[in-house]
1. Sorted from largest down, what three extents in whole angstroms do the Cα atoms of the chain have along their principal axes?
2. In terms of modelled amide H atoms, which long-range or inter-chain residues lie less than 5 Å from the amide H of Met52?
3. So which aspartates and glutamates pass the test for Lys106, namely a Cα distance under 13 Å, with those fewer than 8 places away in the same chain ruled out?
4. With a ≥ b ≥ c the root eigenvalues of the C-alpha gyration tensor of the range 81-123, is it rounded (a/c under 1.5), prolate (a/b larger than b/c) or oblate?
5. Would you grab the residues whose amide H sits under 5 Å from the one on Ile87? Only those 5+ places off in sequence or on another chain, please, with H modelled 1.01 Å from N.
6. So which lysines pass the test for Lys134, namely a Cα distance under 20 Å, with those fewer than 8 places away in the same chain ruled out?
7. So how do 72-78, 107-113 stack up, highest first, on mean other-Cβ count within 10 Å?
8. Evaluate the Kirkwood expression for the hydrodynamic radius of the range 49-104, namely the inverse of the mean inverse distance over all pairs of different C-alpha atoms, and round to one decimal in Å.
Amino acid sequence: MNANGKMDTFSIIPPCPNCNNPGQQVNIKTVRSLINEAMAYYVAELQCFICMSPDCRTSYYTKEGSYFDNDAITVPIWFKEQSPVPICYCKNIRDEDILEHVSKRKCCTSIEDIQNHTGANTGKECLTRNPTGK
Ligand SMILES: [Zn+2]
Ligand SMILES: [Zn+2]
């Protein structure tokens, strides 16, 4: 524990072992929900992080230096793939779907419209569906 009463280990984010860029900590529940069953064994009790570099093929990694490629998880990571990619994992909305509302059908001109028409960002399951857990 440090002075703030938080666990010290939670404030230390190791860089991605593959590209060396800083990642973000991911709730272990998220990792367990999305990682392929065959890989689940490896993330049993570990802290997991997600690589945030669009060009790096590493998805999750651990403090111990294990890492998994993008194929190890069951959904595409939106910032690492080419369009169409999921924008909202809870409601299964892709960037294409939003674009269609905005520029093709021209029925949506605001975030509220998009939420109302597609349900994007109205889900509550990000923790187990979105690879970042947010
Ligand atoms: Zn990386
Ligand atoms: Zn619309």
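1. Taking max minus min along each principal axis of the Cα atoms, the chain gives 51, 35, 26 Å.
2. Gln24
3. The reachable aspartates and glutamates, counting only those whose Cα sits under 13 Å from Lys106, are Asp97.
4. Numbers: a/c = 2.66, a/b = 1.17, b/c = 2.27.
Taking the square roots of the gyration eigenvalues as a ≥ b ≥ c, the range 81-123 is oblate.
5. So Ile87 has HN proximity to Ile93, Arg94, Asp95.
6. Straight-line reach from Lys134, under 20 Å: Lys29, Lys80, Lys91, Lys124.
7. Details: 72-78: 18.1, 107-113: 11.7.
Taking the mean over residues of other Cβ atoms within 10 Å, the ranking is 72-78, 107-113.
8. On the way: mean 1/r = 0.0801 Å⁻¹.
By the Kirkwood definition, the hydrodynamic radius is 12.5 Å.
Here, each number is a calculation from the coordinates, and none is a lab measurement. Here the structure is a predicted model, which is why all the values come from computation and not from measurement. Heads up, the Cβs are rebuilt from the backbone with ideal geometry, glycines too, and the neighbour counts pull from every protein chain shown.
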